[in-house]
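Read through the structure below, which is laid out as structure tokens, and then see the notes.
The values are calculated or read from the model by the stated rules, or taken from the named source; none is laboratory data. Just so we're clear, the structure is a prediction, and the values are computed from it rather than from any experiment. A quick note on method: Cβ atoms are made from the backbone with ideal geometry, for glycine too, and the neighbour counts reach across all protein chains shown. Quick note on the areas: whole protein, heavy atoms, side chains included, nothing else; ligands and nucleic acids left out. Shrake-Rupley method; radii C 1.70, N 1.55, O 1.52, S 1.80 Å.
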Amino acid sequence: MKGRHDVGQIDLGGYSKSKIPVHILLSSLRLATDRARGDRCGGAWRLMLKLLNVDKHYGPPERPVPVLRNVSFTVQAGDFCAILGPSGSGKSTLMNIIGLLDRPTTGEVVVDGETVDFSTPEITAGLRNRLIGFVFQAFHLLPRLTAWENVALPLLYRRVARPRRREMALAMLDQVGLADRADHRPSELSGGQKQRVALARALVGGPKVVLADEPTGSLDSVTAGEVMALLRDLNRRLGVTIVMVTHDRDLAGLCDRRIEVLDGRILRDTAAA
Amino acid sequence: MSSPGLSLREAVVEALDNLRAHRQRSLLALLGILIGTASIVAMLTIGHMAQLETLRMYRHLGVDIVQVHAAQTGLAPATIDRGLAEALPGRDPRIRAVASMGLGRFPVAFGDQISDLSVAPTTQDLARMTGMRLAQGRFLAPIDDGGLSAVVGSEVARKLSAPGRPLRVGEQIRVGGYVYRVIGVLAPMPFTSFDPVNFNETVQVPIVGGQRLIGVDQPSTVLVRMAPDADIKAAAQRLTALLARPGASLQVLSAREMIDGMNAQKAIHSRLLTAIGAISLLVGGIGVMNVMLMGVMERRREIGLRSAIGATPRDLQLMFLIEAATLASVGGVAGLLAGLAAAGGAAVFSGWAFAAPLYVLVLGPAMAALVGVAFGFYPARKASRLDPIEALRAE
Ligand SMILES: Nc1ncnc2c1ncn2[C@@H]1O[C@H](COP(=O)(O)OP(=O)(O)OP(=O)(O)O)[C@@H](O)[C@H]1O
Ligand SMILES: [Mg+2]
């Protein structure tokens, strides 16, 4: 496979100061890249995410409050999309449905060719663990755990043994430039560092799509720019598919594609220049 | 399909971390579990020690002994026919041995020392049956019949000894106007409620010739050793029939019945302690539930996050159940130690040997853990049913 050769070209940049053996680093990166990036090669872009006629209503069925109306769109493997829109337009609702945290009232969600079965929380939890990486505005790191333990959390629910979890988490922390903070607790990290730990956590399991709902919303503009650059960089280097909600038009401008949402509908879907 | 995710060890470490983080609140919940476990452990251990003690006390007699007493009904002293009694082992194979004794109370003097003591006219069979041991000299023997020989108990020797003039074998004592020669001094022996008299404080003299002291040469009490598997109730009826004589009503006491009576008494105590233990455990369980519910409320964001990254409802439920069980087990282990300490105190207080039955070491903490699981179930279920979106938005 051509994708395999790409691994050799990954630029570890200034981040590989740590003493993690290269084979571990690579094997853990493969998790993140093989499925996503390997499928992208050969010229054809591959469909990673598809929403088909998704409606979402809140409230009682007899007086439904529509929040999403007939939303359909697709995201290709390796895409970096921004979702923009005014407050209350339904961006987070959309992200929750893509992230399999919420079920659409009607319509279907297809991730990596797999039509999502929303029937039980057990099934969606398993799918989330395998397919989705989350980055939140509020970081949501567990304060009692160290950075690497936070990063390794998704692997816990895959029965990965602790030593292996540590290896993979350290490799991912190295990717986000925090190898030297592995044993720090969140309270000892800056906002930008916390979000980078959260990013490593989103990536550690090799998800199909990383979802970031206002990932820079809690950060000052300089730090926000740094985190954005890192997202951009990880998307390019590892080929991860990213869907991000932001209010910041400048940050959105750094993405490949902008999806503008208004009142529960997709208003515009434009590729960046 | 879904995996439990957390290894048990990690879950327990996690639970202990949480415990530390909310020390005061957890301690309160633990107190109930601790008291509950402690009282149950103490009860079981004290019961165990008491039983060992009873067995130890009755060992010199054996639980297969039956006492037959002649109760006085008229003016004449009530007696049992000694010949009839001592022929019993030959008549009934379930009767192994018989010892006869009478009982009176007389001033006993040795030199200047004088004391009011029990005097028991008896035979050599008594020593054999009750497991008496000698400090000096010998027991009564057939050659003493009709003579003035005496075997004294350890307390008798102590009471009658004067400084520089101990009561020893060969000395002469005055018993109710007759001078007896001491042929044996007993070693101290346990005195139980089943003994017809405290042999430590009794002077034994030959039953043949005993009429000089108590007016009759017939026993008022007969100790009978039954075969170990004999039915004591039936034996008691048979003995009454065999030994019945006009003018005396016979009363039969068995060690086994007395032990049963004591056990019944103890059962009441232990039921009381069990009730206290159960109520404390219940209170502790409710405390655990409370702590866990507060924990679930406080950690909604964590629950939401775990759910988002792939924890199934089952994973979350298991996590909180393990936490509740760990919390309760800590109380259980503390309760076990407290219970053993209390039992140790009781042992010192009663002069018993401390002994804990092995099973309580397991039972105490296990019971506490069970309470934790039972009362942790509702909070754990609640945690597992949180909507991840709302949970992530909490605070
Ligand atoms: N659980 C719910 N029940 C009822 N209405 C809801 C619920 N969740 C969201 N809504 C409504 O749906 C609409 C869209 O909400 P959503 O959070 O998706 O907006 P958003 O675009 O993310 O806004 P913001 O930019 O402020 O985050 C809002 O009007 C909101 O009030
Ligand atoms: Mg939102």
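Against chain B, whose longest principal axis is taken from its Cα atoms, helix B:255-298 shows a tilt of about 10°.
Determine, from the Cβ-Cβ distance of residue B:198 and residue B:227 and an R0 of 22 Å, the FRET efficiency 1/(1 + (r/R0)^6), rounded to the nearest 0.05.
Rounded to the nearest 0.05, the efficiency is 0.20.
Based on C-alpha pairs under 8 angstrom that are at least 6 apart in sequence, chain B has a relative contact order of 30 percent. Before anything else, pin down the relative contact order of segment A:7-271: Cα pairs under 8 Å, at least 6 apart, normalised by residue count, whole percent. Reported relative contact order: 29 percent.
The calculated FRET efficiency for residue B:56 paired with residue B:366, based on their beta-carbon distance and R0 = 25 Å, is about 0.25. Between residue B:279 and residue B:353, full extension at 0.36 nm per residue minus the direct alpha carbon distance yields a gain of 23.7 nm. Which entries in the list A:56/A:194; A:50/A:91; A:50/B:382 go over 27 Å, if you measure between the two C-alpha atoms of each? A:56/A:194; A:50/B:382, as the Cα separations exceed 27 Å there. Using a 1.4 Å probe on the protein chains only, how many percent of the accessible area of segment A:7-271 belongs to carbon and sulfur? Roughly 51 percent of what the probe reaches on segment A:7-271 is carbon or sulfur.
A straight Cα-to-Cα reach below 15 Å connects residue B:159 with the aspartates and glutamates B:112, B:116, B:171, B:201, residues fewer than 8 places away in its own chain not being considered.
Chain B contacts chain A over a buried accessible area of about 2400 Å², both sides summed; the probe is 1.4 Å and only protein chains count.
Across segment B:186-291, C-alpha contacts under 8 Å between residues 6 or more apart give a mean separation that, scaled by the residue count, equals a relative contact order of 14 percent. Taking every residue in B:311-321 and counting other chain Cβ atoms within 10 Å of its Cβ, the average works out to 3.
So how tilted is helix B:8-21 from the main axis of chain B? Cα-based, degrees 0 to 90, rounded to 10. Roughly 90 degrees between the two axes. For the protein assembly as shown, the residue among B:363, A:142, B:288 whose Cα projects farthest onto the positive side of the dipole built from Cβ charges is A:142.
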